[in-house]
Amino acid sequence: MRAPPLLYPLLLLLLLLLATSAYSWKKEEFRNCNQTPFCKRARSRKHGSCNLRATDVSISDGDLIAKLVHKEENPESEQPNKPLVLTLSAYQDGVMRVKIDEDQNLNRPKKRFEVPEVIEEDFLNKKLWLTRVKEEEIDGVSSVVYLSDGYEGVLRHDPFEVFVREKSSGKRVLSINSNGLFDFEQLREKKEGDDWEEKFRSHTDTRPYGPQSISFDVSFYGADYVYGIPEHATSFALKPTRGPDMEEFSEPYRLFNLDVFEYLHESPFGLYGSIPFMISHGKARGSSGFFWLNAAEMQIDVLGSGWNSNESSNIMLPSDKQRIDTLWMSEAGVVDTFFFIGPGPKDVVRQYTSVTGRPSMPQLFATAYHQCRWNYRDEEDVYNVDSKFDEHDIPYDVLWLDIEHTDGKKYFTWDRVLFPNPEEMQNKLAAKGRHMVTIVDPHIKRDESYHIHKEASEKGYYVKDATGKDYDGWCWPGSSSYVDLLNPEIRSWWGDKFSLDSYTGSTQYLHIWNDMNEPSVFNGPEVTMPRDALHHGGVEHRELHNAYGYYFQMATSNGLLKRGDGKDRPFVLGRAFFAGSQRYGAIWTGDNTAEWEHLRVSVPMVLTLSISGIVFSGADVGGFFGNPETELLVRWYQLGAYYPFFRGHAHHDTKRREPWLFGERNTQLMREAIHVRYMYLPYFYTLFREANSSGTPVARPLWMEFPGDEKSFSNDEAFMIGNGLLVQGIYTERAKHVSVYLPGDESWYDLRSGFAYKGGQTHKYEVSEDSVPSFQRAGTIIPRKDRLRRSSTQMENDPYTLVISLNSSQAAEGELYIDDGKSFEFKQGAFIHRFFTFSNGKLTSSNAAPSSAGNDRFSSECTVERIILLGLSPGATTALVEPGNRKVEIELGPLFIQGNRGSVLTIRKPNVRIADDWSIQIL
């Protein structure tokens, strides 16, 4: 129904006010733990208060099955005392799964929600079929099952507890309910007089099935720190939130996907995405991990030392005291948890991504530099920005368009006055090897003339409100509804909208940006959808809220895949995320601010995403809000060039900040920073393939490469790119020096000068304006492409440079992965994978690809034009190239061609093909 004309100004004013309130972080507009009843209840529970014991233990269908029953009935309790069912399963590679739910055989108001389509099918096929259970006396009767060579899963009966232990030593790795804090609120039928409503500010949540929260403690043994559970703008190592030294109302880490404007740094407040995965690390034991597959709101306490010192309990604590206790609290769902035994950090991320999926392999262009703004005004603006990059010799690969490019905020449309020829515009960019991204958000404008809305409304494809009507909320277009993407049928329908026939004006060079997919609702409680809204199958929004953005990015990614007949890899950037989002595209850290503190916190935020499977992530360079001072902008480019996802972006109220607008010297500095990224694209692409194969992230905390180095455990000012590069940010203005800790026993080579710094020391490093401190690790070989072009596509046939940094044994190794940069042919073996070794004065290139086939389906004529030797013992002047028996000179040359930095030993023009076997002997 259309509003009378006089109401339009009022509606616009209301929308403006709603948008303004949504975009100003005010503490009182968001719930804290005390205002969240399930969190408050769980935190009030006393140590040892769990009243459950395990009975009827048996093996069924390869799983250990047990009932959890109350030891003492409480007739005054409002909660039902029906037994729960525990299922323990073992899987290959040291993964144990524990599920606890209400008994399926008992009458229940409805089935509790289990998050679908997150667990990989391949993982489910790796189940170990348990055939027997042995009984032991471990502080009472316990049931023990095989988990993997060297590890066992244990269910202690009374009091109920589950843990993983080392078989030989009996030492624990991970446990649930060691502190007796487990609680499971069962669903109930509403009776006359029951009042389950919850109110927050002006919003009421009906809660038709009553309180249904779950909470339990998880202990990590041999741990010095815990990490993970994104997304929060805080330190990488998670800080204690509860204990004798904490403030009385210190907040737990919140996992609840929210649209938060100018978020605070150093805060446990929940942001855009949620991954209930935590990894521990310590010198004594190594690493372990824990994942709870649950998409409802979650709050997690990291319990400080002595957190329970004032409580009396008869719980027998294990003798191993070196552990970190945590408390996990969720509003709804079931217990569906995974234990990852490690023992190394890379083992844990491999195990975790075997469950939730390996990161997708991006197209090569997506790993390069992206230029974005809300909004580039029109086609003329697009062409001008594009030409200015060329004029100033700055490469870029992707130009982005925000919501203003549409016809009245209707997605899949174009404002034909501002963008009359979108296909021609995309094709002109593509002629230079460039791509375009447009935004598609989940809110659909409620306009009967808009074909997407009309079709979704007629088919019943929208999320419903608590009364069963299409949910109507406010976002950028005004009155909007939200597609119910929990339903696979609706996801398929949504994906069809990205076809070239349906998305008029699109081409195969157009890729997609999913914003506001928390989902953001300007007039909703806490700027999101009400918890009692209804999805497919009667699922309440409270049960799946944190996964809504996941399904939206999944549907979009599958749509682009379908558009290209499954041939090209899709690129989709999302803001909200959940476990498994790594399978569908990239993530950025949201609406940050042009402040030094936001530059600083971007590193732990990206590292936290990286170890949680989201390896393709980054922060908006320069800060989305505000006008960065020039020095901050330059420093952000210099650091952002090493983010896995590298994009400059800005709010429409900010001044234009393209790199050529700040004077020639600053343009030069930003140009050189972007050039660094393009130079290292072969290395980044190789690392993305490693992530795609094993889950090992591109950006890594120092302790992932140096797990025994305690000084690295809490260091989140520096990070590794792969195993070979260490980058230290500059986070203060007018800095003259910075402290740089270089881990390990071997040297590190300064990428500015080639100078060697000792490992295992903190160095006072003199800061220069032309780069942030960055170092190559001794013992590594890193591939580069030093000829710089307009875009990554135009670099395809350029020669390579190999940078060899020798360790104390005069040895090094590295690898290079190459494919066509866009298709899925690599899955059939159409790629080149080379392994480089330097030992005894000889550099050797050998084939690292499996011999099984397909390698002949992709070839490259690229050659190696330079080999840089860092740390080579003096005296060598020539080298012998085989095959060919050719001698080449070793001479001094620049470390970087651009900027002519350093003077290092170089083998020029060895002219060996990158795809061939060859060797070069230093004479």
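Observations, loosely collected:
- From the list Lys459, Lys454, Lys469, the lone residue that is more than 24 Å from Leu255 (Cβ to Cβ), open to solvent by 10 Å² or more (accessible area, probe 1.4 Å) and touching a residue at least 12 places away in the same chain (Cβ under 8 Å) is Lys459.
- Looking across Ser502, Ser492, one residue alone is part of a helix (DSSP H, G or I), farther than 30 Å from Lys199 by Cβ, open to solvent by 10 Å² or more (accessible area, probe 1.4 Å) and of a type in the set (Gly, Ala, Ser). It is Ser492.
- Candidates are the residues of the range 905-923 that are buried (at least 17 other Cβ atoms within 10 Å of the Cβ) and in contact (Cβ under 8 Å) with a residue 60 or more places away in the chain; the one that is farthest from the chain's Cα centre (by Cα) is Ile922.
- Of Val601, Val572, Val634, all but one fail to be of a type in the set (Val, Ile, Thr), more than 13 Å from the chain's Cα centre (by Cα), closer than 23 Å to Leu510 by Cβ and buried (at least 24 other Cβ atoms within 10 Å of the Cβ); the exception is Val572.
- Answer residue from the range 873-904, given it is of a type in the set (A, V, I, L, M, F, W, C), modelled with pLDDT under 95 and more than 36 Å from the chain's Cα centre (by Cα) and is surrounded by the most Cβ atoms within 10 Å (Cβ to Cβ) among those: Val904
- Filter result (open to solvent by 10 Å² or more (accessible area, probe 1.4 Å), farther than 23 Å from Ala296 by Cα and part of a helix (DSSP H, G or I)) within the range 575-598: Trp596, Glu597
- Of all residues in the range 190-202, those that are under 20 Å from Pro109 (Cα atoms) have Cβ atoms under 8 Å from Cβ atoms of residues that are part of a loop (DSSP other than H, G, I, E, B) and open to solvent by 100 Å² or more (accessible area, probe 1.4 Å), 6 or more apart or on another chain, in Trp196/Lys190.
- Flag for Thr438 being in contact (Cβ under 8 Å) with a residue 60 or more places away in the chain and touching a Leu at 6+ places or on another chain (Cβ under 6 Å): yes
Quick grid of which residues meet (1) crowded, with 19+ Cβ neighbours inside 10 Å; (2) of a type in the set (Phe, Trp, Tyr):
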{"position": "Lys191", "(1), (2)": "no, no"}
{"position": "Gln212", "(1), (2)": "yes, no"}
{"position": "Asp259", "(1), (2)": "yes, no"}
{"position": "Tyr272", "(1), (2)": "yes, yes"}
{"position": "Phe290", "(1), (2)": "yes, yes"}
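- Members of the range 197-215 that are at pLDDT 95 or above and part of a strand (DSSP E or B): Ile214, Ser215
- Residues that are within 35 Å of the chain's Cα centre (by Cα) and not aliphatic (A, V, I, L, M) were ranked within the range 51-67; the one that is surrounded by the fewest Cβ atoms within 10 Å (Cβ to Cβ) is Asp61.
- Flag for Gly180 being without any contact (Cβ under 8 Å) to a residue 40 or more places away in the chain and open to solvent by less than 10 Å² (accessible area, probe 1.4 Å): no
- The combined condition, being assigned to a loop (DSSP other than H, G, I, E, B) and not aliphatic (A, V, I, L, M), is fulfilled by Lys191.
- All strands (runs of 3 or more DSSP E) inside the range 37-118 with 3 or more residues being touching a Gly at 6+ places or on another chain (Cβ under 9 Å): 84-91
- Every residue from the range 815-855 that is of a type in the set (A, V, I, L, M) and in contact with a His (Cβ under 9 Å, 6 or more places away or on another chain): Leu816, Ile818, Ala848, Ala849
- Scanning the range 391-421 for residues that are open to solvent by 40 Å² or more (accessible area, probe 1.4 Å) and either assigned to a helix (DSSP H, G or I) or modelled with pLDDT under 95 (or both) yields Glu391, Glu404.
- Tyr376 meets the stated requirement of being free of Cβ contacts under 8 Å to residues at least 40 places away in the same chain and touching a strand residue (DSSP E or B) at 6+ places or on another chain (Cβ under 9 Å).
- When each of Thr732, Thr762 is tested for being open to solvent by 50 Å² or more (accessible area, probe 1.4 Å) and under 28 Å from the mean Cα position of the chain (by Cα), the lone residue that passes is Thr732.
- Selection status of Ser602, polar (S, T, N, Q) and within 30 Å of Glu825 (Cβ to Cβ): no
- Candidate set: the range 779-799, residues that are open to solvent by 20 Å² or more (accessible area, probe 1.4 Å) and part of a loop (DSSP other than H, G, I, E, B); chosen: the one nearest to Pro874 (Cα to Cα): Arg787
- Residues of the range 268-304 that are closer than 11 Å to Val218 by Cβ and either outside any loop (DSSP other than H, G, I, E, B) or modelled with pLDDT under 95 (or both): Met278, Ser280, Ser288, Gly289, Phe290, Phe291, Trp292, Ile300, Asp301, Val302, Leu303.
- All strands (runs of 3 or more DSSP E) inside the range 673-760 with 1 or more residues being among the aromatic types (Phe, Trp, Tyr): 718-721, 737-742, 748-750
- The selection criterion, being closer than 23 Å to Cys372 by Cβ, open to solvent by 40 Å² or more (accessible area, probe 1.4 Å), at pLDDT 95 or above and not in a loop (DSSP other than H, G, I, E, B), holds for Glu424.
- Residue check for Leu895: free of Cβ contacts under 8 Å to residues at least 60 places away in the same chain and touching a Lys or Arg at 6+ places or on another chain (Cβ under 7 Å): no
- Any hit, the range 548-556, residues being without any contact (Cβ under 8 Å) to a residue 40 or more places away in the chain, outside any strand (DSSP E or B) and either touching an Asp or Glu at 6+ places or on another chain (Cβ under 7 Å) or not hydrophobic (A, V, I, L, M, F, W, C) (or both): yes
- Verdict on Val606 being closer than 18 Å to Glu114 by Cα and out of contact with any helix residue (DSSP H, G or I) (no Cβ under 8 Å at 6 or more places or on another chain): no
- Verdict on His265 being open to solvent by 10 Å² or more (accessible area, probe 1.4 Å), closer than 23 Å to Ala547 by Cα and either touching a Leu at 6+ places or on another chain (Cβ under 6 Å) or not charged (D, E, K, R) (or both): no
- Within the range 99-110, residues that are within 26 Å of Gly153 (Cβ to Cβ) reach partners that are in a strand (DSSP E or B) and open to solvent by 50 Å² or more (accessible area, probe 1.4 Å) with beta carbons closer than 8 Å, at six or more positions or on different chains, in the pairs Asp103/Lys67.
The values are calculated or read from the model by the stated rules, or taken from the named source; none is laboratory data. Because the structure is predicted, anything quoted here is derived from the model rather than measured. Using ideal geometry, Cβ is built from the backbone for each residue, glycine included, and neighbour counts are taken over all protein chains shown. Side chains are part of the model used for accessible areas, which takes the heavy atoms of the whole protein and leaves out ligands, DNA and RNA. Shrake-Rupley method; radii C 1.70, N 1.55, O 1.52, S 1.80 Å.
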